[in-house]
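Right, one structure below, let's go through it.
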Amino acid sequence: MLHRVFAAVILIALATPAAADTRYLAFDPSDRVTTALTRGVTLEVERGWFGAVSVRRIISTTARGSATIARGGPDEARRVLPEGAGESAVHSIAMDGDGRGLARALCPGAEATFLVVGRVRAGRPMVIHAAGRWPDGTFRHCVTLSYNYRGEWSLPPRATVAEAD
């Protein structure tokens, strides 16, 4: 019986498209601190099988600028969060391009800045914590950013060579 269930799960998995779905989730700030620092963000997310979402990039909604973020980072970034914080996914901010400016704005004086994010879902508010590592190796919580969900859209289809002409 168990092998039939396993075979059915494999067939369902093969029947679903393997390509990831790229979406853009826009969030407006819900407090004065978040408004002062970001004025709103759009997250480029990749939705995989079974609805799992991974954040790939954070984009300024009101100004030009984006930063690549990668899942993973030191556990110390999670441990310095305020008591009661439920967010747990640590992301590292790439220090190239606008990432350096974002890191400096969120954690002035830190040599590395990490974002700790909860579960990202369309239609739900979101909280992001910024935590930094200072030159002496200590980690500190820098700021809590709170957002209200604004909207979602998918990546427009790519034009073929014939359509581009």
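Here are a few things to note about the model shown:
- Here segment 143-165 is the region considered, the condition is being out of contact with any Pro (no Cβ under 8 Å at 6 or more places or on another chain) and in a strand (DSSP E or B), and the residue that is modelled with the highest pLDDT is Val143.
- Restricting segment 109-122 to residues that are small (Gly, Ala, Ser) and farther than 16 Å from Ser146 by Cα leaves a set whose member that is most open to solvent (accessible area, probe 1.4 Å) is Gly109.
- Selection within segment 83-108 - open to solvent by 60 Å² or more (accessible area, probe 1.4 Å), out of contact with any helix residue (DSSP H, G or I) (no Cβ under 8 Å at 6 or more places or on another chain), closer than 21 Å to Asp136 by Cα and not in a helix (DSSP H, G or I): Pro108
- Note on segment 24-80: residues that are closer than 17 Å to Asp98 by Cα, charged (D, E, K, R) and open to solvent by 20 Å² or more (accessible area, probe 1.4 Å) total 4.
The values are calculated or read from the model by the stated rules, or taken from the named source; none is laboratory data. None of the values given here were measured: they were computed from a predicted structure. When we count neighbours, we look across all protein chains shown, and the Cβ atoms used for this are built from the backbone with ideal geometry, even at glycine. The protein model used for the area step is the full one, side chains on, heavy atoms only, and it has no ligands, DNA or RNA in it. Shrake-Rupley method; radii C 1.70, N 1.55, O 1.52, S 1.80 Å.
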